[in-house]
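Below: one structure, written as structure tokens.
The values are calculated or read from the model by the stated rules, or taken from the named source; none is laboratory data. Values in this document were obtained by computation on a predicted structure and should not be read as measured data. Backbone-built Cβ (ideal geometry, glycine too); neighbour counts: all protein chains shown. We work out accessible area using only protein heavy atoms, side chains counted, and drop any ligands, DNA or RNA first. Shrake-Rupley method; radii C 1.70, N 1.55, O 1.52, S 1.80 Å.
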Amino acid sequence: MPGITREEVAHLARLARLELKPEELDHFAGQLDDIIGAVARVSEVADQDVPPTSHPLPLTNVMRADEVRPSLTPEQALSGAPAQEQQRFKVPQILGEE
Amino acid sequence: MTTTTDLVPYEDALASYDPVMGLEVHVELGTKTKMFCGCSTALGAEPNTQTCPVCLGLPGALPVVNATGVESAVKIGLALNCEIAEWCRFARKNYFYPDMPKNFQTSQYDEPIAFNGYLDVQLEDGEVFRVEIERAHMEEDTGKSTHVGGATGRIHGASHSLLDYNRAGIPLIEIVTKPIVGAGERAPEVAKAYVRELREVIRALGVSEARMEMGQMRCDVNLSLMPKGSGTFGTRSETKNVNSLRSVERAVRYEIQRHAAVLDGGGTVVQETRHFHEDTGTTTSGRTKEEAEDYRYFPEPDLVPVAPSREWVEKLRAALPELPLVRRNRLREEWGISATDMQAILNAGALEPIVATIDAGADPAAARKWWMGELARHANESGKALDELAITPRQVARVTELVAAGDLNDKLARQVIEGVLAGEGDPDQVVEKRGLKVVSDEGALSAAVDEAIAGNPAVADKIRGGKVAAVGALVGAVMKATRGQADAARVKELILEKLGVGEG
Amino acid sequence: MTDKNSIIRLTAAEIAGKIAAGELTAVEVTEAHLARIEAVDEKVHAFLHVDREGALAQARAVDEKRARGEKLGPLAGVPLALKDIFTTTGVPTTVGSKILEGWIPPYDATVTKKLKDAGVVILGKTNMDEFAMGSSTENSAYGPTGNPWDLTRVPGGSGGGSSAALAAFEAPLAIGTDTGGSIRQPAAVTGTVGVKPTYGGVSRYGMVAFSSSLDQGGPCARTVLDAALLHEVIAGHDPLDSTSIDAPVPPVVEAARNGTVRGTRVGVVKQFRGEGYQAGVLQRFDEAVELLKELGAEIVELDCPSFDLALSAYYLIAPSECSSNLARFDGLRYGLRVGDDGTRSAEEVTSLTREAGFGPEVKRRIMLGTYALSSGYYDAYYGSAQKVRTLIKRDFDTAFEQVDVIVSPTTPTTAFPIGERADDPMAMYLADLCTIPANLAGNAAMSLPCGLAPEDNLPVGLQIVAPAMQDDRLYRAGAAIEAAFVEKWGHPLLEEAPSL
Ligand SMILES: [Mg+2]
Ligand SMILES: [Zn+2]
């Protein structure tokens, strides 16, 4: 398996929204490389014709009836908010698409 | 953003290129509760009053699937002639966005509940175009942000944003077409007709009101051009949130012209998301991302697979209502009208009122006549939709009954309708209050006719002399004398009788 | 009987019996434990938050209920230490992380609710590795917990606080969660009992998610019977958790009261020994197997080749799920927010908050999971790990055709010194070598004490694994082994722990 570069770590950090410090990039690059190197063994089975198991239980069709249940009060909903305004969560400017 | 975009005239663009479209429509289901929690979906609530640990994404909260959401998805799939998955799962689509509380959207990825279908849509001239459906899958809506401090709620220049999560978690069905090719110059029309037909299907199924102006149905338009004769798709643009039928048509048209300009100029189309502007009918580039999105989909471990049994699917299939196109064709035949007439009825939003009026006892021709004539005029003048007028199909049906029975003529009937619209009560009450009954007292009518003949001897002579066409003037006089309350046909009969002239 | 020192040494079953009989009040019991916490927790640091008022109020409610002559539940009035991963209305829930410092949930986890409804007295919230990621409780943002057997050593993890509270007699009962061994491994290294129920046996609603398809809450206690009593209180179907099993709870209490291994087919898996296993651990394990034979069990050697891949699969699946589960901690709706100076965007504030709010192990796993799920790597890593999971399930299925339960050491070594493996993730991960397969397959598993390793006089755990939905087998076998050991030692193992 290929070694994990500092750039790759930086890319992962952006995807994961972690503002890593430069020294962390190097540190994680080394550690992730070690860990990936060790766990990459799983790909030994990649070619085997085995169905994946994403869940330990073979349950299906667990659903609930379309019935309204009590919501939180807005006070409860906003109780943990770092900032609020007009009964809404106040967040910094969103650099998004319009 | 003041850069002007070059456009190629539409006809020129179509002369050189074939458009390829992909339409992605999101429909908010009309379930009582959200997709994964029991919070109400009612519109218009105060901010953050319809949230709970689940839809706020609080630590520890877990989703549970809304059974009606799944049922609606299957119904939509069946109505779109799709195969229904025997087994499918939800997946997490991972990306950060403040209006999405968990920073992943619970959606479906490679295992949609419905796939491989089609929807036949009818164009203005009656031609039927088949749009192939790639898939319909279940997912959840996001919250709503309000941008504060910038110009008129725009995101750019805002100092901060305020988030209301009442909408977060409302069930969405995303319906994705396969690439639509072969529509040629009719591409904008096909796109519009498809979205309209889809809306009619959704409404007929009763799974959503699908009101685009309320955001209950939203369309993303993917468009690319391929040079005529080439079979290779070009690079596409994705125009987001095109939220009216007219906008769908305009966005397609605009993008065709824009792409053609780029390609004609030797440039390459950028694969990007674009935004449609209702006011100008143009699109502009969205923020270009420094890195490609990587959604890191994986099966949602907090939910178990959905495996609709074949018995259940067949039960739902059997219970599907007659679908809009089939129904329209049936009605068209029953009523004996042309495709163009039917299209006009649809465009006027008159189909359901007419059907309801017929169901209430009216003759089909009469029902059509009143809704497409007098009532359409009223709606137009008052800027309302037909179904918003203050008259019910039952009331319209009653008016047609009164006309059929000879109690009202058309002119009186119009006055009755006016009275109903003015809130004066049911047709019979208006007739009563305004004294609008046709004069059917033969004595009174006979006297009025005599009076008219006596008052217009020259005309009477002409008629006697064989110029039967002149009878109109005498009829008019009688009608005037009776303030329109006479049965014009009967008046004409009486006049001719009294003048000793037999009709043809 | 009001001797506070003697109260804290009672089992939960004894306490409940005495309260029901009127020999003790719930308030007395609660006060005795609060006093013990006051006395020793500065050294042990098992608790992140002690809810003195809430505990006493609950105790008074139980006493009043008894005074009214109402029937009390089997654990009414018994104090409990709750892992700080379960939401508690009005009481802080931090998951051992700075990112949730001071967060007071507006709702109770299903487990919390069941405990309250049963009249169990929640003393407070226990320390843990941040977001349950770790095997030593050193990854807590609020400092490590000491192992009551030797305060310079780790109590295991992630639920080190819960197990240490039991071993330090700060509470007779505790709740833990087990994603790769976080109940069993701390139980093993503190000389206590811990059970990971069948996946889906205990509701995960309100249990802050680490790895959704592996996480399972469960009971921690000093005796097998106490664990069973607690198991019965917290288990059962929960409509708020889609992965909850809709079937009756296995008869765990009945099994714990009727312990036996006579005629039981007990499997010993070849893969659960070898390099990396401490000699004293294997010695005590082998003695336990001998004891099982003496008690009438039939020992069957098993080969489960896929178990060799379990650790690798786990360190792909758990980080992948966690990278997604922890995305919600973005500084916008609750918890920490860093860098919001009016000029930064939400995106930047989220990145700064997560950088400041998560510790190194959490970041490491988020990065690892982001990598394993990213396009181009998914099939090789996450996809393959899910296949390994299938192979492990098949190995278990084959094994359970031949045996009723499987036994192994719970951990390859006894408690290691604080700091020893702190920045060596691979070494730390080895602590869960024996416990992980049961998580991947969803089986029920227990750890109970089987003696002290001769080289360091520290507790060794015996792991018992049963098929899914057969949790009662753990208790039937566990109770028999426990009784035999206590008879052999002349007292419960914890009596040998140094006094604090
Ligand atoms: Mg979507
Ligand atoms: Zn909700």
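Data overview
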{"item": "Residues satisfying the stated conditions in the stretch B:179-191, i.e. surrounded by fewer than 21 Cβ atoms within 10 Å (Cβ to Cβ) and either in a helix (DSSP H, G or I) or of a type in the set (A, V, I, L, M) (or both)", "result": "B:V181, B:G184, B:E185, B:R186, B:E189"}
{"item": "Failed item in (1) open to solvent by 60 Å² or more (accessible area, probe 1.4 Å); (2) within 14 Å of ligand 1 (Cβ to nearest atom), with B:K144 passing the rest", "result": "(2)"}
{"item": "Considering residues of the stretch C:358-379 that are out of contact with any strand residue (DSSP E or B) (no Cβ under 8 Å at 6 or more places or on another chain) and open to solvent by 30 Å² or more (accessible area, probe 1.4 Å) only, the residue modelled with the highest pLDDT", "result": "C:P360"}
{"item": "When residues of the stretch A:84-98 are limited to those that are over 17 Å from B:T51 (Cβ atoms) and either assigned to a helix (DSSP H, G or I) or facing chain C (nearest Cβ under 7 Å) (or both), the one modelled with the lowest pLDDT", "result": "A:L95"}
{"item": "Conditions (1) loosely packed, with under 15 Cβ neighbours inside 10 Å; (2) touching a residue at least 24 places away in the same chain (Cβ under 8 Å); (3) under 23 Å from the mean Cα position of the chain (by Cα); number of the one not met by B:Y194", "result": "(1)"}
{"item": "Test set (1) within 16 Å of the chain's Cα centre (by Cα); (2) of a type in the set (G, A, S); (3) farther than 24 Å from C:F400 by Cα - C:G217 fails condition number", "result": "(3)"}
{"item": "Residue that is more than 16 Å from ligand 2 (Cβ to nearest atom), at pLDDT below 95 and at the interface with chain C (Cβ under 7 Å from one of its Cβ atoms), where the choices are A:A16, A:A81, A:A46", "result": "A:A46"}
{"item": "B:K93 vs. criteria basic (K, R), away from ligand 1 (no atom under 16 Å from the Cβ) and assigned by TED's automatic domain parsing to the domain that holds B:E311", "result": "no"}
{"item": "Any chance C:L430 is within 30 Å of C:L151 (Cβ to Cβ) and either touching a residue at least 12 places away in the same chain (Cβ under 8 Å) or touching a Gly at 6+ places or on another chain (Cβ under 8 Å) (or both)", "result": "yes"}
{"item": "Single condition C:P239 does not satisfy, out of (1) open to solvent by less than 40 Å² (accessible area, probe 1.4 Å); (2) free of Cβ contacts under 8 Å to residues at least 12 places away in the same chain", "result": "(1)"}
{"item": "Residue among C:T94, C:T110 that alone is polar (S, T, N, Q), open to solvent by 10 Å² or more (accessible area, probe 1.4 Å), within 14 Å of chain A (Cβ to nearest Cβ) and closer than 30 Å to B:T51 by Cβ", "result": "C:T94"}
{"item": "Subset of the stretch C:350-366 (residues that are more than 7 Å from chain A (Cβ to nearest Cβ) and part of a helix (DSSP H, G or I))", "result": "C:T353, C:A356, C:G357, C:P360, C:E361, C:V362, C:R365"}
{"item": "Tally, over the stretch C:184-221, of residues that are open to solvent by less than 10 Å² (accessible area, probe 1.4 Å), under 24 Å from A:P58 (Cβ atoms) and of a type in the set (A, V, I, L, M)", "result": "4"}
{"item": "Among the candidates B:T400, B:T392, B:T357, residue that is of a type in the set (S, T, Y) and open to solvent by 40 Å² or more (accessible area, probe 1.4 Å)", "result": "B:T392"}
{"item": "Some residue of the stretch B:313-330 being within 14 Å of chain A (Cβ to nearest Cβ) and within 30 Å of A:P58 (Cα to Cα)", "result": "yes"}
{"item": "Meets criteria (in contact with a strand residue (DSSP E or B) (Cβ under 8 Å, 6 or more places away or on another chain), more than 16 Å from ligand 2 (Cβ to nearest atom) and open to solvent by less than 10 Å² (accessible area, probe 1.4 Å)) for B:A114", "result": "yes"}
{"item": "Which numbered condition B:F96 fails, given (1) buried (at least 19 other Cβ atoms within 10 Å of the Cβ); (2) within 16 Å of ligand 2 (Cβ to nearest atom)", "result": "(2)"}
{"item": "Listing of helices (runs of 4 or more DSSP H) fully contained in the stretch B:310-399 that carry 3 or more residues being more than 19 Å from B:V128 (Cα to Cα) and modelled with pLDDT of 90 or more", "result": "B:310-318, B:351-359, B:364-370, B:376-382"}
{"item": "Helices (runs of 4 or more DSSP H) enclosed by the stretch C:1-90 - at least 2 residues per element that are in contact with a Pro (Cβ under 9 Å, 6 or more places away or on another chain)", "result": "C:12-21, C:26-44, C:52-67"}
{"item": "Filter result (open to solvent by less than 10 Å² (accessible area, probe 1.4 Å) and either within 10 Å of ligand 2 (Cβ to nearest atom) or closer than 30 Å to B:E238 by Cβ (or both)) within the stretch B:39-52", "result": "B:C39, B:T51"}
{"item": "Criterion (within 14 Å of chain B (Cβ to nearest Cβ) and either in contact (Cβ under 8 Å) with a residue 40 or more places away in the chain or open to solvent by less than 10 Å² (accessible area, probe 1.4 Å) (or both)) met by exactly one of C:L282, C:L295, C:L311, C:L316", "result": "C:L316"}
{"item": "Pair list, Cβ under 7 Å, 6 or more apart: the stretch B:161-189 residue free of Cβ contacts under 8 Å to residues at least 40 places away in the same chain, other residue within 16 Å of ligand 1 (Cβ to nearest atom) and among the small types (G, A, S)", "result": "B:R167/B:G143"}
{"item": "Total residues in the stretch B:400-417, condition free of Cβ contacts under 8 Å to residues at least 12 places away in the same chain and in a helix (DSSP H, G or I)", "result": "1"}
{"item": "B:C55, sole failed condition from (1) open to solvent by less than 20 Å² (accessible area, probe 1.4 Å); (2) within 30 Å of B:A67 (Cβ to Cβ); (3) within 16 Å of ligand 1 (Cβ to nearest atom); (4) not hydroxyl-bearing (S, T, Y)", "result": "(3)"}
{"item": "Residue match in the stretch A:67-78 (condition: facing another protein chain (nearest Cβ under 7 Å), within 22 Å of the chain's Cα centre (by Cα) and either within 30 Å of B:T284 (Cα to Cα) or open to solvent by 60 Å² or more (accessible area, probe 1.4 Å) (or both))", "result": "no"}
{"item": "Selection count, the stretch B:167-178, where residues are part of a strand (DSSP E or B), within 16 Å of ligand 2 (Cβ to nearest atom) and away from chain A (no Cβ under 12 Å)", "result": "1"}
{"item": "Residue check for C:T343: within 21 Å of A:K21 (Cβ to Cβ) and of a type in the set (S, T, Y)", "result": "yes"}
{"item": "Positions within the stretch B:403-416 being surrounded by 21 or more Cβ atoms within 10 Å (Cβ to Cβ) and in contact with a Lys or Arg (Cβ under 9 Å, 6 or more places away or on another chain), in sequence order", "result": "B:L408, B:L412, B:V416"}
